[in-house]
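The values are calculated or read from the model by the stated rules, or taken from the named source; none is laboratory data. In this text the structure is predicted, and so the values were computed from the model without any measurement. A quick note on method: Cβ atoms are made from the backbone with ideal geometry, for glycine too, and the neighbour counts reach across all protein chains shown. The accessibility values were calculated without ligands, DNA or RNA, using every heavy atom of the protein model including side chains. Shrake-Rupley method; radii C 1.70, N 1.55, O 1.52, S 1.80 Å.
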There are 4 protein chains.
Amino acid sequence: MIVVLKPEATDLQTEQVIAKITEAGLTPHVMKGVERVVIAVIGDERVLGPDILSAMSGVQDVMPILSPYKLVSREFQKENTVIDIQGVRIGERRVVVMAGPCSVETKERLFSIAEDVKMAGALILRGGAFKPRTSPYSFQGLGEEGLEFLSEARTKTGLLVITEIMDPRDMSLMMKHADIIQIGARNMQNFRLLSEVGSYNKPVMLKRGLSATVKELLLSAEYIMAAGNRQVMLCERGIRTFETATRNTLDLSAVTVIKQLSHLPIIVDPSHAVGKTDLVAPMAKAAVAAGADGIMLEVHSNPELAYCDGEQALLPKDFRLLMAQLKKIAEAVDREM
Amino acid sequence: MIVVLKPEATDLQTEQVIAKITEAGLTPHVMKGVERVVIAVIGDERVLGPDILSAMSGVQDVMPILSPYKLVSREFQKENTVIDIQGVRIGERRVVVMAGPCSVETKERLFSIAEDVKMAGALILRGGAFKPRTSPYSFQGLGEEGLEFLSEARTKTGLLVITEIMDPRDMSLMMKHADIIQIGARNMQNFRLLSEVGSYNKPVMLKRGLSATVKELLLSAEYIMAAGNRQVMLCERGIRTFETATRNTLDLSAVTVIKQLSHLPIIVDPSHAVGKTDLVAPMAKAAVAAGADGIMLEVHSNPELAYCDGEQALLPKDFRLLMAQLKKIAEAVDREM
Amino acid sequence: MIVVLKPEATDLQTEQVIAKITEAGLTPHVMKGVERVVIAVIGDERVLGPDILSAMSGVQDVMPILSPYKLVSREFQKENTVIDIQGVRIGERRVVVMAGPCSVETKERLFSIAEDVKMAGALILRGGAFKPRTSPYSFQGLGEEGLEFLSEARTKTGLLVITEIMDPRDMSLMMKHADIIQIGARNMQNFRLLSEVGSYNKPVMLKRGLSATVKELLLSAEYIMAAGNRQVMLCERGIRTFETATRNTLDLSAVTVIKQLSHLPIIVDPSHAVGKTDLVAPMAKAAVAAGADGIMLEVHSNPELAYCDGEQALLPKDFRLLMAQLKKIAEAVDREM
Amino acid sequence: MIVVLKPEATDLQTEQVIAKITEAGLTPHVMKGVERVVIAVIGDERVLGPDILSAMSGVQDVMPILSPYKLVSREFQKENTVIDIQGVRIGERRVVVMAGPCSVETKERLFSIAEDVKMAGALILRGGAFKPRTSPYSFQGLGEEGLEFLSEARTKTGLLVITEIMDPRDMSLMMKHADIIQIGARNMQNFRLLSEVGSYNKPVMLKRGLSATVKELLLSAEYIMAAGNRQVMLCERGIRTFETATRNTLDLSAVTVIKQLSHLPIIVDPSHAVGKTDLVAPMAKAAVAAGADGIMLEVHSNPELAYCDGEQALLPKDFRLLMAQLKKIAEAVDREM
């Protein structure tokens, strides 16, 4: 940690800062520069939050050197985390595809889409039973019935199931019906939900919040891991920017940034990022080229009947076509599908 | 709702869009322009979500005309909502001040700060017992014990108490200890929490999310009101932008925008927005000048001992000084404090 | 254009809006909805700027239907623009690569890098002689001497030269030394410079501004085309967002969005977007997968001696490696390199 | 400057960084921490740009301690800069008001508005003769004729004139007709224009770019001052964010941030920031409460006839009313108008 004092800081203020560092069991290293005093703090700075020194008189700025997360970091674990769910391994050479409708609507439609995506090569079925909707008047999901349909679809097709949790009180339902629990962008900093999910032994996919930095995403993943659950994968799904031509801006550089900072697998969801069918395929291809460990895609056999987000769902035939192209890109970057 | 078709839309596609509008009980109004067909939809467009038409082939864009919220809107209720809590009226001529520490730490410190802010003219005591922290290793709040200290502080000082809820399972504790329940920025789209809080008869202050638009804030307030609770106030606390000189960018124009669109009271929290003591006072003054119904401020008798956000807390003596200045500004804009 | 009146708009105000539309030679189409009057405007709405109606009493909102640009639009010209510069064709099946140092430094270093990038397959040499630098104390470029070195490098290697213009007074130098004139992100809305460059017959690459929407980028390209110059290509180089892990956020979805809206070629510059060497290669691959017509890359034989942006320059050996990978990705998406 | 090495940095890499620091005449201070080596650089770090060390192998991060600007900084000059233009003093106790139409349209209309704003207490007349417009098809300003009208308006009313420059080739016209030269947001990083304007002895108002940080604004002001012109004032006019309810987001905290970092006067332009008449008055009041040295406002006698930005212009009668309110706020914060 580097503590920059104000040019007008008094000797007393400087001493108080030094005392606070020493109290915390850390070693202060004082440097008197041309314009001001700078103090380097040696030791594990995480025992002393940056807020504490920032609040002291005479302090201008506090710059952490170490990352604030541990368990998720590449320094803590050098090799990639691989999550194995009944033989489907996420975080290895194979790029996995999760596909399905935005929300579970009717049993027939879910089964039909599940068959379609399985035939095209997807390994995991996505579908929301609990839907976080901006408006209270939009379709909120089928709830438990939707989860049961997903379980049936798994039995019929052999696909794994990923579905979203919105409330810590739904954990037992999730344990019963989901193979991967998704935490959505709007709940990335719902810390109670993170801790709850972290206390079970079930793979979790944590989506990046609309305006969350990569650092904050990793800290939220740290909540889950600190609670005991090591089977965490991350998901880039677009961030909010000033541009309105797309729903969000897909931040593909986050894939590499996360790979450098963390050992956790990283999935990309281009459907939610761009919000328009025409843009999904190019962004899915770009995501594989950028090194994503998996792709999550919305597929619907009849997008205009979809209860939500129909404008971003691929038709099964377009999904099949895209899968063939993704396979070629995966091979071009020494991966497989 | 205005539906803009693609220039290359076929007659069949146009007819399918018209049929979908008619099915929903709305009246399509077809206009053939120079380059494309545009269809105006007459009737209460909210029965037909914009997603449904967007997903149809041949549709380029769907532009809603009506606001997607109802109960919170100025059109639904012309006169301002005034929330009366034991005689403290929020949303009227008087600008109310909520002040106190970021988090409840020790009983003694809380009581001392409570006395200080009461003496200076605050009517409501703020203090977090459950703290949403970016890192799992930061202080997470005293929990129930913190709520009990707040209740005792109310008894001692006569101040009302506002404190944050993070988990729907904590509602009974909140009903017992809080006069106003705060929903924090990170939970603005925790829809389960909104619905839970909406089903009780207790005033709520809903903070704007870091990257939430005013429209989304109003839709989240609509969740609470739609569940039955009409005692809702909103809070602007800074949005996330590219600027790093301040923690967030306080969007004061939101005060007037919200006043135009909604009848709900609007509070401003400059402490969290700017994140640095020196900037709090000017922004508090600007907020009153801009027409805020209330100001929320962090005050701490010993900021460097604060367990969180000490760098943005005012000293009691600076708070007293600021209160005197705010009173003058309030009078200059025909309000009072 | 759709004009939405306020709920409280008077009949007189409505009539005045109708009169203004009629005066402009357009046809108003009045629809009385449940809550308000909406007027659709039939005809080429571009004769009546949206500002004029927005300023009238009783008007709440004005929504344009037609795009505000013409010459750059896909509707104006269906087939892709292909720019042919001495046989190098930009905007066709072949993905072109522009590579070289951020700025021209010494003649020897430029020549050496030019040889390196040519050997690796680049067709165009990049290098700045006039450098837009945030600080007046940073290296500002060699100026005319730098342009002369670029001309010599072209003679020696046969590479085309792209270099940046910052001042309309430098046009004659550019005509002499550049094959493609670059307008940088910071000058995207330097309208005098756009018009000046538009009045010459020389290919131009226009970079997207740090906070420019795709629509604004296209309007700036329209300035150049409206002045007579049809040889325009666009460049995505990252936009400014809240994320600080990368210098900017590369918006790859803009590639497809631009392809849909416009017939102009689109180049991607990952080096400036991400600002860190390690991230350049994955983003270059993603850009080719997303459909870019060209890639611009910084290459430097000795990055720590670079006068600017050394932290994002590839070593020649890494550039060669990347070229081989890009070629495979290009083939996977039915392009070539 | 603090140089953070990568955990895996070799001894050789560390030595090379140390050598580079020493070569530049600075003193390296090496600290071996728990996870990595950190080097503090003692001396005037500005002689060694952060880019150079960032580009070296083994370096993870370079954090500057000193601000990159000098002449504009509060450290360089403790007391506020006061710009005196024929007795109108900007940067002192009096809050100055600049008002007038967005663009100069007809002589009669300009004179009428000039009389109106003078009567209401404005000291400076604003009006554009050269207009930076997003579209090449929008009104571009009257050019030299507009400047002549402004000169006549000055003679008739005694108001000072502020008007925008877009092209370095127009400096002689500006010297003749303007009392203050405005550099608009889109030209904030048009470095040639900054240097040109800096080489004359004429007050300049530099507007913050739509996505410029305060640091970048100060660096652009440094360009002007480094070229010799010390009469510089800054202007906050809203930044681009994700919020679309207002045209831009007025960043009022920038007023205090700039006052802390710099001695230059700071003006606020709420008209361009919010883009809607109803929001201008509350934001003007907030700006005065926040400590602005001046306010720039658009006033038009007939907004729907305005050639640009009519939707944000105040009517003369509303401007008079606002001036009375601003005066009261100014007094409440110990200023005057």
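Residues of C:163-173, mean number of Cβ from any other protein chain within 10 Å of their own Cβ, rounded to a whole number?
Mean shielding by partner chains, rounded to a whole number: 2.
Running a GNM on chain A with Cα contacts under 10 Å, which residue among A:62, A:34, A:232 ends up with the highest mean-square fluctuation?
Most flexible of the set in this elastic network: A:34.
Probe of 1.4 angstrom, ligands and nucleic acids ignored: what's the accessible area per residue over the protein assembly as shown, in square angstrom?
Value returned for the protein assembly as shown: 33 Å² of accessible area per residue.
Using a 1.4 Å probe and counting only protein heavy atoms, arrange C:192, A:169 so the residue with the most accessible area comes first.
Correct descending sequence by accessible area is A:169, C:192.
Can you give the convex hull volume per residue for the Cα atoms of segment B:248-337, as a whole number of Å³?
In segment B:248-337, the Cα hull volume divided by residue count equals 91 Å³.
Peptide A:227-233: average number of partner chain Cβ atoms within 10 Å per residue?
Shielding by partners across A:227-233 averages 0.
Could you sort A:3-15, A:76-88 so that the peptide with the highest average Cβ count within 10 Å comes first and the rest follow in order?
Top of the packing list down: A:3-15, A:76-88.
Remind me, relative contact order of chain A in percent, using alpha carbon pairs under 8 angstrom and six or more residues apart?
So the answer I get is 16 percent.
Of the beta bridges DSSP finds with both residues in segment B:168-262, what % are antiparallel, to the nearest 5?
Taking every DSSP beta bridge within segment B:168-262, about 10 percent pair in antiparallel fashion.
Under 18 Å from the 7 Å Cα→Cβ point of residue C:8, by amide nitrogen: which residues of segment D:296-330?
So the set is D:315, D:318.
Taking amide H positions as placed in the peptide plane 1.01 Å from N, state which residues far from residue D:296 in sequence (5 or more) or on other chains have amide H under 5 Å from it.
Placed amide hydrogens put D:98, D:268, D:269 under 5 Å from residue D:296.
Could you list which residues have their amide H under 5 Å from that of residue B:142, counting only those 5 or more apart in sequence or on another chain, with H placed in the peptide plane?
B:104
Using Cα pairs closer than 8 Å and at least 6 residues apart in sequence, work out the relative contact order for segment A:173-263, in percent.
25 percent
From the helices alone, meaning DSSP H stretches of at least four residues, give me the mean residue ellipticity at 222 nm for chain A, per-run term -39500 (n - 2.57), in deg cm²/dmol to the nearest 500.
Counting only the DSSP helices, I get -10500 deg cm²/dmol.
Counting only C-alpha contacts under 8 Å and six or more residues apart, can you give the relative contact order of segment A:2-63 as a whole percent?
That works out to 48 percent.
From Cα coordinates alone, what are the radius of gyration and Dmax values for segment D:1-80 in angstrom?
Rg, Dmax (Cα atoms, Å): 14.1, 49.
Just give the residues from segment B:248-275 buried by at least 20 square angstrom of accessible area in the all-chains context relative to the isolated chain, probe 1.4 Å, and say none if nothing qualifies.
Buried-area filter returns B:249, B:250, B:251, B:252, B:253, B:256, B:257, B:260.
In whole Hz, what ³J(HN,Hα) sequence does segment C:276-293 give by Karplus (6.51, -1.76, 1.60; θ = phi - 60°), x for Gly and Pro?
Working through the residues one at a time gives 9, 3, 4, 9, 5, 4, x, 6, 5, 5, 4, 5, 5, 4, 7, x, 4, 7 Hz.
On a 0 to 90 degree scale, rounded to 10, what angle separates helix C:11-23 from the longest Cα axis of chain C?
50 degrees
Accessible area lost on pairing D with B, both sides, 1.4 Å probe, Å² to nearest 100?
What D and B bury together is about 2700 Å².
How compact is chain D by the rule of thumb for globular proteins, expressed as Cα Rg over 2.2 N^0.38 Å?
The reported ratio for this selection is 1.14.
Just to confirm my numbers, what's the Cα centroid distance between segment C:271-297 and segment B:166-209 in Å?
45 Å
Using a Gaussian network model on chain C with a 10 Å cutoff between Cα atoms, which of C:299, C:59, C:288 fluctuates the most?
Among C:299, C:59, C:288, the largest GNM mean-square fluctuation belongs to C:59.
Hey, could you grab the Kirkwood Rh for segment B:266-305? Inverse mean 1/r over distinct alpha carbon pairs, Å, one decimal.
10.5 Å
Read phi for every residue in segment D:110-127 and hand back ³J(HN,Hα) as whole Hz from Karplus 6.51 cos²θ - 1.76 cosθ + 1.60, θ = phi - 60°, with x for Gly and Pro.
4, 4, 5, 5, 4, 4, 4, 6, 5, 4, 7, x, 5, 10, 9, 9, 9, x
Hey, which of these cross-link pairs are over 29 Å Cα-Cα: C:317/D:6; A:70/B:317; A:328/C:70; B:259/D:118; D:118/D:202?
Check vs 29 Å cut-off fails for A:70/B:317; A:328/C:70; B:259/D:118.
Can you list residues from other chains, or at least 5 along the same chain, whose modelled amide H is less than 5 Å from the amide H of residue C:42?
C:27, C:29
Going 7 Å from Cα along the Cα-Cβ axis for the label, what nanometre distances separate residue A:111 from the same residue across the other copies?
Going from nearest to farthest copy, the values are 6.8, 7.6, 8.5 nm.
Taking every residue in C:325-334, how many Cβ atoms of other protein chains lie within 10 Å of its Cβ, on average?
5
Where does the protein assembly as shown land on Rg(C-alpha)/(2.2 N^0.38 Å)?
Taking the Cα Rg and dividing by 2.2 N^0.38 Å, one obtains 0.89.
Between C:75, C:23, C:148, where does the largest GNM mean-square fluctuation fall for chain C, given springs only between Cα atoms within less than 10 Å?
Checking each option, the largest mean-square fluctuation is seen for C:23.
Just to check I understand the Karplus step: with θ = phi - 60° and J = 6.51 cos²θ - 1.76 cosθ + 1.60, what whole-Hz values come out for segment D:320-331, glycine and proline as x?
Each residue of segment D:320-331 in turn: 4, 4, 4, 4, 5, 6, 4, 4, 5, 5, 3, 5 Hz.
As an exercise, identify the GluC sites (Glu not before Pro) in segment A:275-337 lying in DSSP coil whose Cβ has no more than 13 other Cβ atoms within 10 Å.
none
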